[in-house]
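Engineer: Sending over a structure as structure tokens; questions will come in a sec.
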């Protein structure tokens, strides 16, 4: 093989390698390209996700406030119940004392 044939063969091999690389690059970009409708759909989904997170945060805040209100009501109700039970106990004790006093006076 002469020097000219070697150079020509090398040039052809390099050109074929370049063409194959360019074609492979074109194929990859052709198959991985994202269409505008896909981008729009992703943007819409992102916006919906953001709105859903805001709604969830509002719901959590509402539930925390409601839980605090109900806890406060429960504490007040328990305090009232305790006061009522103490009053009832005192009334029973007083009624028992009055019965004993009446029985003593009649005896």
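The values are calculated or read from the model by the stated rules, or taken from the named source; none is laboratory data. If you're wondering where the values come from, they're calculated on a predicted model, not measured in any experiment. Here the Cβ positions follow ideal geometry from the backbone for every residue, glycine too, while neighbour counts run over all protein chains shown.
Engineer: Mind checking which residues of the stretch 1-33 are at pLDDT 90 or above and either within 35 Å of the chain's Cα centre (by Cα) or not in a helix (DSSP H, G or I) (or both)?
Structural biologist: Result: 2, single match.
Engineer: Take the stretch 34-45 and flag every residue that is part of a helix (DSSP H, G or I) and loosely packed, with under 10 Cβ neighbours inside 10 Å. Break it down stepwise before answering.
Structural biologist: Going through the stretch 34-45, the residues part of a helix (DSSP H, G or I) turn out to be 36-45.
Within the stretch 34-45, 36, 37 qualify.
Engineer: Looking at (1) surrounded by 10 or more Cβ atoms within 10 Å (Cβ to Cβ); (2) touching a helix residue (DSSP H, G or I) at 6+ places or on another chain (Cβ under 8 Å), which one does residue 65 not meet, given that it meets all the others?
Structural biologist: Just one mismatch for residue 65, condition (2).
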